[in-house]
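Undergrad: Questions regarding the structure given below will be posed in turn.
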Amino acid sequence: MQFLMTCDQLLVIGLIIDNLQRKISLETRAVLNTILVALDGSDIAERVIQALDDLVLSPKSKIVLCHVVSTTAKTEQPADRPLSDSSTFSYLQIEKQLVAYQASLPYQSELELVTGDPAQEIIRLANIYQADLILMGNRGLTGMKRIVDGSVSSQVMEEAHCSVLVVKHSG
């Protein structure tokens, strides 16, 4: 029994095989359904957003943009005291920046602006949203400054239940 095929038939078979290979590849590829993007308002935030743009995501992916206002800073205020005008202005500026980032995303997204310990709050939000990935920046602290201030990204990498992608400081 001989099989003779025309060029058209071979082309169709080739296309079918190619489509099956792509489908298998898509099904076996890890899908990032939810990504928590932690932004700190520093210069690195733009690079973090660029890294998000560079990821190949499903159209169904959900992005959670978050900013944590640190309560571990030296300017702690009692919880029962009203925020100063400068604090309110800072919150509004942060929210405005998050909304601008959100507007540029082609994915479903949410915003979270919370207060607390940055590493703990990022981990808490990743757990709440069942994030598949945390995307965040690294301020590039070294030496004593890193020892005294600590590294939020290092703590998140150690304690998070999901993968963490850290965009390094360019300096």
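The values are calculated or read from the model by the stated rules, or taken from the named source; none is laboratory data. Keep in mind that this is a model prediction, so the values were computed, not measured. Here Cβ is always computed from backbone atoms with ideal geometry, including for glycine, and neighbour counts include all displayed protein chains. The protein model used for the area step is the full one, side chains on, heavy atoms only, and it has no ligands, DNA or RNA in it. Shrake-Rupley method; radii C 1.70, N 1.55, O 1.52, S 1.80 Å.
Undergrad: Using protein chains only and a probe of 1.4 angstrom, how many square angstrom of Arg47 are accessible, to the nearest 10?
TA: 100
Undergrad: Another question about this same structure. On a 1.4 Å probe surface of the protein chains, which of Glu159, Glu110 comes out largest in accessible area, and what is the full order?
TA: Glu159, Glu110
Undergrad: Convert each backbone phi in region 120-131 into a coupling constant with the Karplus relation 6.51 cos²θ - 1.76 cosθ + 1.60 (shift: θ = phi - 60°), then list the ³J(HN,Hα) values in order as whole Hz, x for Gly and Pro.
TA: Here the 3J(HN,Hα) series is 5, 5, 5, 5, 4, 5, 4, 5, 4, 8, 6, 5 Hz.
Undergrad: Taking amide H positions as placed in the peptide plane 1.01 Å from N, state which residues far from Glu110 in sequence (5 or more) or on other chains have amide H under 5 Å from it.
TA: Ile63, Val64, Leu65
Undergrad: Full extension from Asn127 to Ser170: what is 0.36 nm times the residue separation minus their Cα-Cα distance, to one decimal in nm?
TA: Extra length from Asn127 to Ser170 when fully extended: 12.6 nm.
Undergrad: Once phi is turned into θ = phi - 60°, what whole-Hz ³J(HN,Hα) does the Karplus curve with 6.51, -1.76 and 1.60 give for every residue of region 40-52, x standing for Gly and Pro?
TA: Each residue of region 40-52 in turn: 10, x, 8, 4, 5, 4, 4, 5, 5, 4, 5, 5, 4 Hz.
Undergrad: Sort the following peptides by mean Cβ neighbour count (other Cβ atoms within 10 Å, averaged over residues), highest first: 112-119, 38-45.
TA: Those peptides, ordered most packed to least, come out 38-45, 112-119.
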